[in-house]
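Bear in mind these aren't lab numbers, they're just calculated from the coordinates by the rules spelled out. Since we're looking at a predicted model, the values are computed, not measured. Here the Cβ is made from the backbone with ideal geometry for all residues, glycine too, and neighbour counts use every protein chain on show.
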């Protein structure tokens, strides 16, 4: 069962499940025809992975370039055909990791492109887990390294099943061809990446700058909590700025200003969180907007921008509590 999050704005009924938190990361870049949508129930055993047949990539042959792929020749395999066209040298992708990838998908018989992220100029960030993505991707990409280009042919049993995906023009008999450029991978050990920023304001908490995937320390000063929102870089990344309507993938830790006691943490769950900034407490939305991907951000949330006098039941947060967060912005989704 999905863990309930403490990041949504408080409502009279208490906590509300955070859409996409932890085990669903389709995000804004997803569309109805992307590999995350309407995935079929997979057979009980993993697929047999074979080397072909696979159509040729005829143009856009470099990593990161939008490819052009020929029509399939003859009948496709009933097994999952996978080929590493370009072997990357980065981190290895494992099941349940989140991956950031550009991709193009087309139908074997016709070469009709039904979806691609290259034209959107927004890579897909999605979890490589059962129920989050079609199983063709889940099995084909495990063990691949970032920087790799993977070509695959996914038969219906490992794609959208006999029901197909009518909105995308995919029939239940269609084998799907994908080119996937794996740009990054994230898991419970992921951290911010960038340059540490001097923390010179004695009135604000000090946050650890370790990037080993472990929870950073948060030292709250023995002073009165600020009444205004504070959001400052601890580590400044070099990625794109987060916008007010972004969906983000994060590591975070939250403590109470008054006691320094931790009340919520992705590190404690050994799982990342993903959410839209339109779904979280105002302090998070305002504090993270404009901050760069790859950064660690200190966010101090006063009660009026947090839970006020209606904290989530069982959270350990008292009424009118000031909340202190360390947030690693791993990716925009």
Rounded D (µm²/s) - region 49-186, Kirkwood Rh over Cα pairs, Stokes-Einstein at 10 °C, 1.306 mPa s: 108 µm²/s
Cα shape, region 83-156, gyration tensor, a/c 1.5 rule: rounded
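Test of understanding: what is the full-extension gain from residue 95 to residue 259, defined as 0.36 nm times their sequence separation minus their Cα-Cα distance?
Taking residue 95 through residue 259 to full extension adds about 55.3 nm, to one decimal.
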At R0 = 45 Å, FRET efficiency that the Cβ-Cβ distance of residue 310 and residue 163 yields, to 0.05: 0.55
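For region 195-332, what does the alpha-carbon gyration tensor say about shape, rounded, prolate or oblate, given a ≥ b ≥ c as the root eigenvalues, a/c under 1.5 as rounded, and a/b over b/c as prolate? Walk me through the numbers on the way to the answer.
Details: a/c = 1.40, a/b = 1.20, b/c = 1.17.
The shape class here is rounded.
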Label-to-label distance, nm, for residues given as residue 61 and residue 245 (7 Å Cα→Cβ offset): 4.0 nm
Paramagnetic reach from residue 318 in region 215-236 [backbone N under 14 Å; point 7 Å along Cα→Cβ]: 225
Those residues of region 152-173 whose amide nitrogen sits under 19 Å from the label point placed on residue 48, 7 Å along Cα→Cβ: 152-159
Convex hull of region 114-198 built on C-alpha atoms - directionally averaged projected area, nm²: 7.5 nm²
Semi-axes of the equivalent ellipsoid for the chain, Cα gyration tensor, largest first, Å: 42, 20, 15
Sum of -39500 (n - 2.57) over DSSP H runs of 4+, divided by residues of the chain (222 nm, nearest 500): -1000 deg cm²/dmol
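Suppose R0 equals 41 Å. What FRET efficiency, 1/(1 + (r/R0)^6) with r the Cβ-Cβ distance, do residue 228 and residue 121 give to the nearest 0.05?
Values: r = 36 Å, r/R0 = 0.88.
Using R0 = 41 Å, I get an efficiency of 0.70.
Please compute the length gained on full extension between residue 219 and residue 196, using 0.36 nm multiplied by the number of residues separating them and subtracting their Cα-Cα distance. Don't jump to the answer; show the numbers that get you there.
On the way: separation 23, 0.36 × 23 = 8.28 nm, distance 1.65 nm.
The span from residue 219 to residue 196 would gain 6.6 nm if fully extended.
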